[in-house]
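Read the structure below first, then the notes.
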Amino acid sequence: MIRVFGTGTGEPLGPGARAALDGATLVVGARRHLDGAALPERAGRVVLGPLAPALDRIGEHFDEDGARVVVLASGDPGFFGIVRALAERFGPAALDVRPGAPSIAVAFARLGVPWDDAVVVSAHGRDPRTAVNVCFAHPKVAVLTGPGAGPAELAAGLLYRCEERTLVVATALGDPVHERVERLTPREAAARDWPDPVSVVLCLDESRMLSPVRTVAGAATGPAGWALDEAEFEHRDSMITKFEVRALALARLGPRTGDLVWDIGAGSGSVAVECARLGAAAVAVEKTADGVERIRANAAAHGVYVRAVRGAAPTVLSDLADPDAVFIGGGGSELPAIVTACARRARRAVVVTVAALDRVPQVRSALTAAGFAPEGVLLQSSRLAPLPGEVTRLAAANPVFLLWGTRPAVRASEGATQ
């Protein structure tokens, strides 16, 4: 049996953990856990660094007669912790897990804020861009930090994107001498050097962080529907992506939590708002001042955050972080250059709507040149419309070409964990 005890957030080791350590033949944990545990001299020690060698040592020792392995970990080791690796290697039946208080729970407790609606993301050993995008998109996020993905890196990713967020940096939680819980702006956090051990970073939109009573924990369960009617958005002179077109565009964009989506030539921002409702971080680019205000109003009306950027593509795109997917709903004579600029930087997909037939080969060529496999359809729809006398007619909408490109390597791995 491998006994796993959560510690490191202020609770002293209980009698069960103390007895297990006294009889242990091998103890595994971070250096701070081992130094604070008063281990018996006869017990072997493994200081956690790279995980594979530690698992190999546990496996070698576990096969010996009389082996008693104890693993010390922070908080709840079953929550983004070592229990996953141990269970995969040795099987759940070989583990006896006794969790402590998760560092996230302790951090929110210090603030007096509930966390059943928080989105939790681990940046430990991972590309921090996913954590940044989650912080961008959601009003209450807890980030488990790691080397190269601490408060400064998260804050730098948020600068100029959503500076109205508050970062709460919880350092050395549970340490009666060194614990600190600090509220900072992204700009303040990015300018600091952060020594270990930072326990967790909370990213809060304090105007929206107290949601209504929840039934399901974590991020909102998602909208009940999408491809909303045009009447759900403020728009000018019907300059809005129609819901039939938006439905297929969303299917090809595939917006999800952790993604960043651009909406270029956004107009009303309907596509950006729908992507945000589905959990993605969204940036809407619009060249008119009244359009930018309209986008912000539509995002607020639907309870999501969309960063509205005023400027003309492709020039303004150089200031934006690389997207996972891009929707292009406008562009005029600059459309080929816009598609080229977006396709060079999109990680997964580019979706384009055009009304003019002569734009289709231009868009396909730009997608192909950037390494995408272009596809497309001509969408023609007719909506039911009432006539006097309680009869109904079909009202035809203008046909629209919907073109898209997906990187072949990404297509083959769709559904894989980021």
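Of the residues 284, 80, 351, the one whose Cα sits farthest towards the positive end of the charge dipole of the chain is 351 (charges of +1 on Lys and Arg Cβ, -1 on Asp and Glu Cβ, taken about the Cα centre). Using the Stokes-Einstein relation with a Kirkwood hydrodynamic radius computed over Cα pairs, the translational diffusion coefficient of the stretch 118-252 at 10 °C and a viscosity of 1.306 mPa s comes to 94 µm²/s.
Spacing of the modelled spin labels on residue 385 and residue 315, each 7 Å from Cα toward Cβ, amounts to 4.0 nm.
Counting 0.36 nm for each residue step from residue 45 to residue 247 and taking away their Cα separation leaves a gain of 67.0 nm.
Suppose every Lys and Arg Cβ carries +1 and every Asp and Glu Cβ carries -1, with no other charges. What dipole size does the chain come out with about its Cα centre, to the nearest 20 debye?
480
Considering all different alpha carbon pairs of the stretch 328-412, the Kirkwood hydrodynamic radius works out to 14.3 Å. With loop membership from DSSP and a limit of 14 other Cβ atoms within 10 Å, the longest segment of the chain without GluC sites (Glu not before Pro) is 207-389. Over the chain, the pair-distance histogram of Cα-Cα distances with 20 Å bins from zero comes to 24, 45, 25, 6, 0 percent, rounded to whole numbers. Dipole magnitude for the stretch 129-275: about 200 debye, using +1 per Lys or Arg Cβ and -1 per Asp or Glu Cβ, origin at the Cα centre. Its Cα gyration tensor gives the stretch 57-107 an equivalent ellipsoid; the semi-axes, largest first and in whole Å, are 24, 11, 8.
By the beta carbon rule, with partners counted only under 4.7 Å, the chain holds these lone Cys residues: 162, 275, 342. Geometric descriptor of the stretch 256-341, per residue, is 74 Å³ (volume of the convex hull of the Cα atoms). Of the residues 227, 216, 198, the one whose Cα sits farthest toward the positive end of the charge dipole of the stretch 178-268, with +1 on the Cβ of Lys and Arg and -1 on the Cβ of Asp and Glu, is 216.
Helix-only estimate, please: 222 nm mean residue ellipticity of the chain, summing -39500 (n - 2.57) across DSSP H runs of length 4 or more and dividing by its residues, to the nearest 500.
Result for the chain: -8000 deg cm²/dmol, rounded to the nearest 500.
Spin-label model, residue 221/residue 207: points 7 Å from Cα along the beta carbon direction are separated by 2.8 nm. Note on the stretch 100-185: the alpha carbon radius of gyration divided by the globular reference 2.2 N^0.38 Å gives 1.05.
Residue 234 to residue 191: extension gain in nm, 0.36 nm per residue of separation minus the Cα-Cα distance?
On the way: separation 43, 0.36 × 43 = 15.48 nm, distance 3.91 nm.
The span from residue 234 to residue 191 would gain 11.6 nm if fully extended.
Spin-label pair residue 180-residue 287: with each label point 7 Å from Cα along the Cα-Cβ axis, the two points sit 4.8 nm from one another. Between residue 395 and residue 84, the C-beta separation translates, for a Förster distance of 45 Å, into a calculated FRET efficiency of about 0.25. Ranking 239, 209 by solvent-accessible area of protein heavy atoms (1.4 Å probe, all protein chains present), from largest to smallest, gives 239, 209.
Think of the chain as having a plus end and a minus end, set by charges on the Cβ of Lys, Arg, Asp and Glu; of 315, 139, 258, 315 sits farthest toward the positive end of this dipole.
What does the highest-first list of 16-25, 341-350, 65-74 look like by mean Cβ count within 10 Å?
341-350, 65-74, 16-25
Rounded to the nearest 20, the Cβ-based charge dipole of the stretch 274-387 about its Cα centre (Lys and Arg +1, Asp and Glu -1) stands at 120 debye.
Each part gets one Cα centre, and for the stretch 275-331 versus the stretch 200-225 those centres are 22 Å apart. Beta bridges from DSSP with both residues in the stretch 281-418: antiparallel share about 70 percent, rounded to the nearest 5.
Close amide H contacts of residue 95 (hydrogens built in the peptide plane, cut-off under 5 Å, sequence separation of 5 or more or a different chain): 2. When the Cα atoms of the stretch 1-145 are aligned to their principal axes, the ranges along those axes come out at 52, 29, 26 Å in descending order.
The values are calculated or read from the model by the stated rules, or taken from the named source; none is laboratory data. All values derive from a computational prediction rather than experimental measurement. Note that each Cβ is placed from the backbone with ideal geometry, even for glycine, and that neighbours are counted across all protein chains shown. Keep in mind that these areas ignore ligands, DNA and RNA; they rest on the heavy atoms of the full protein, side chains included. Shrake-Rupley method; radii C 1.70, N 1.55, O 1.52, S 1.80 Å.
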